[in-house]
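Worksheet for the structure shown next.
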Amino acid sequence: MSDKAIYENPLISRYASREMQENFGEEKKIRLWRRLWVALAESEMELGLPITAEQVAELKSHVDDIDFEKAEMLEKSTRHDVMAHIKAFGLAAPNAAGIIHLGATSCFVDCNADLLIMKDGLGIVLKKLVNVMDKLKKFALRYKDVPTLGFTHLQPAQLTTVGKRATLWLQDLMLDYESLKNLLVRFRMRGVKGTTGTQASFLELFDGDGEKVKELERHVMQKLGCRNVYGVTGQTYPRKFDYAVLNVLSGIAQSAYKFSNDIRLLQSMKEVEEPFEQTQIGSSAMAYKRNPMRCERMGSLARYLISLPVNAAMTAGTQWFERTLDDSANRRIVLAQAFLTADAVLELYLNVADGLVVYEKTIAKHVAAELPFMATENILMECVKAGGDRQELHERIRVLSMEAAKIVKEEGGENDLLTRIERDPMFQAVHGKLGDIVDAKKFIGRAPAQTEEFISSEIEPILVLNRRFLGATGEVRV
């Protein structure tokens, strides 16, 4: 049978980075389980339980010596993944087999490892997020002075600039960054809590000495580089944390979706394009097409990610008492899928933001087609200042505007409103001045200054704080 005969997860085969794939790989998870078992055994030894330094050393020497085939065979007979790996670890370190997992429940390794994996996953997301911000910052500053049509209701509105529009994308990502950082600040481990969270088994091991039980948790967590733990748990850490994580990832997807749609619309207008490679094919039928496939893929993946938090919310809401196991199979799928999708979205975002192509002459052409209508108020005011009657001028410019609009809409002609005004004696006060009055840069308000101020005050501090991560590029594999 061909290896293509069975379903492949496209997040693995096509979209997500190797780094994120390995973060959620089985090998990393089981190594973390073994690190947790080593930390537990060593801490129990340090606090006086009958565990020898030789046993701890043997465990440490086999942390990476994982026989996955043996573990899979053991799981088939035990129907329990944690017990299968306890037995496999014991076979690798036989002198320490009897003290592995002493006093613990499966969630000691399962939950704590999941949390560490998600924390690392958030770190990968953060690095890519700030790199996207860095690329958009450069784009915004480069085009901060280039006037472009603003759109409300997808109808031409007051002018903005190409760079100012990019700050809207940047600000969305800044809010995502803040949410992500806040989540990391509040990050906690499950700790060493026992079967239902009461630490009863550890209290028994330490002959009722509660202080030693508390010290055990501190020792284990310090060995893993973690200080904060949940004060109370059931058997698992609160599943609401999974929901909080997926909410942050969903927020990033929302920002990417908005950006991708804006670029798709701009590409349709031939104003801005995503990167298009020399040998890339836009359509199997229409050879001339340059479809925005990267942004379309970004939106497609983002839509999936946006849908996932409700899944975690249902899991959190349906946990019975101290714990029920209907979360397990679900979380194996949804958590990894969410991170892999977020990673894939950011890879695309990085790639597109790094290679955006701006067609300034096309943008200027579109501005010129609409600007005469937008400039009528300025023209009116100039004529009133020269002694004209505001109401008469308003009626006349309305008539001329309708005539020009008819030429544009019904005959497909150019907007000749300025020519009509230049010829009309009622507007003699502005004859010869219209070029200056309708200079597009007079209609962009503080857009260039806003762009500079926002980047200086809001974005640069984030990039300076994360400068060690900058310089990454995004890969589009297929």
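The values are calculated or read from the model by the stated rules, or taken from the named source; none is laboratory data. Worth saying up front: this structure is predicted, and the values here are computed from it rather than measured. As a convention, Cβ positions derive from the backbone with ideal geometry for all residues, glycine included, and neighbour counts pool all protein chains shown.
Select, from Ala253, Ala200, the only residue that is of a type outside the set (Val, Ile, Thr) and free of Cβ contacts under 8 Å to residues at least 40 places away in the same chain.
Numbers: Ala253 fails: free of Cβ contacts under 8 Å to residues at least 40 places away in the same chain.
The unique qualifying residue is Ala200.
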Practice item. For residues that are among the charged types (D, E, K, R), surrounded by 19 or more Cβ atoms within 10 Å (Cβ to Cβ) and not in a helix (DSSP H, G or I), tally how many sit in segment 70-118. Key: 0
Exercise for review: Return the total of residues in segment 402-421 being touching a helix residue (DSSP H, G or I) at 6+ places or on another chain (Cβ under 6 Å) and surrounded by 12 or more Cβ atoms within 10 Å (Cβ to Cβ).
Suggested key: 7
Review point. Out of the residues in segment 50-60 that are in contact (Cβ under 8 Å) with a residue 24 or more places away in the chain, in contact with a helix residue (DSSP H, G or I) (Cβ under 6 Å, 6 or more places away or on another chain) and surrounded by fewer than 21 Cβ atoms within 10 Å (Cβ to Cβ), which is farthest from Glu475 (Cα to Cα)?
Key: Gln55
Practice item. Output yes when any residue across segment 139-155 is under 30 Å from Lys270 (Cβ atoms) and among the acidic types (Asp, Glu), and no when none is. Key: yes
**Study point:** Options Gly225, Gly251, Gly231, Gly210: the member that is among the small types (Gly, Ala, Ser) and in contact with an Asp or Glu (Cβ under 8 Å, 6 or more places away or on another chain)
**Key:** Gly251
Review point. Do we have any residue at all in segment 150-168 that's surrounded by fewer than 18 Cβ atoms within 10 Å (Cβ to Cβ), assigned to a helix (DSSP H, G or I), on the phi < 0 side of the Ramachandran plot and modelled with pLDDT of 95 or more?
Key: yes
Review point. Given the conditions (1) surrounded by 16 or more Cβ atoms within 10 Å (Cβ to Cβ); (2) under 26 Å from Thr161 (Cα atoms), which single one is not true for Asn378?
Key: (1)
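Specify the residue that is surrounded by the fewest Cβ atoms within 10 Å (Cβ to Cβ); the eligible residues are those in segment 189-243 that are part of a loop (DSSP other than H, G, I, E, B) and of a type in the set (D, E, K, R).
Quick first cut of segment 189-243, residues part of a loop (DSSP other than H, G, I, E, B) only: 190-199, 206-209, 224-228, 230-239.
With of a type in the set (D, E, K, R) added as a condition, the list becomes 190, 193, 207, 209, 227, 239.
On the way: Arg190: 26, Lys193: 28, Asp207: 8, Asp209: 15, Arg227: 11, Arg239: 22.
Residue satisfying both the conditions and the ranking: Asp207.
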Point to revise | Selected residue (criterion: surrounded by the fewest Cβ atoms within 10 Å (Cβ to Cβ)) from residues of segment 429-471 that are among the acidic types (Asp, Glu) and farther than 20 Å from Glu360 by Cβ | key: Asp436
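Can we say Ala157 is out of contact with any helix residue (DSSP H, G or I) (no Cβ under 8 Å at 6 or more places or on another chain) and among the small types (Gly, Ala, Ser)?
Working: out of contact with any helix residue (DSSP H, G or I) (no Cβ under 8 Å at 6 or more places or on another chain): yes; among the small types (Gly, Ala, Ser): yes.
For Ala157, the condition - out of contact with any helix residue (DSSP H, G or I) (no Cβ under 8 Å at 6 or more places or on another chain) and among the small types (Gly, Ala, Ser) - is met.
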Check your understanding: Taking only pairs six or more apart or across chains, which ones have beta-carbon atoms under 9 Å, a first residue in segment 450-473 that is closer than 20 Å to Asp145 by Cα, and a second residue that is exposed (fewer than 11 other Cβ atoms within 10 Å of the Cβ)?
Key -> Glu453/Arg446
Check your understanding: Would a scan of segment 316-326 turn up a residue that is at pLDDT 90 or above, touching a Leu at 6+ places or on another chain (Cβ under 9 Å) and of a type in the set (Gly, Ala, Ser)?
Key -> no
Exercise for review: Please go through segment 347-374 and pick out each residue that is surrounded by 21 or more Cβ atoms within 10 Å (Cβ to Cβ) and more than 36 Å from the chain's Cα centre (by Cα).
Suggested key: Leu371, Pro372
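Can Trp37 be described as within 30 Å of Val345 (Cβ to Cβ) and surrounded by 15 or more Cβ atoms within 10 Å (Cβ to Cβ)? Before you say what the answer is, go through the steps one by one.
Details: within 30 Å of Val345 (Cβ to Cβ): no; surrounded by 15 or more Cβ atoms within 10 Å (Cβ to Cβ): yes.
For Trp37, the condition - within 30 Å of Val345 (Cβ to Cβ) and surrounded by 15 or more Cβ atoms within 10 Å (Cβ to Cβ) - is not met.
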Exercise for review: For segment 379-389, state whether one or more residues are touching a residue at least 12 places away in the same chain (Cβ under 8 Å), touching a Ser or Thr at 6+ places or on another chain (Cβ under 7 Å) and of a type in the set (A, V, I, L, M).
Suggested key: no
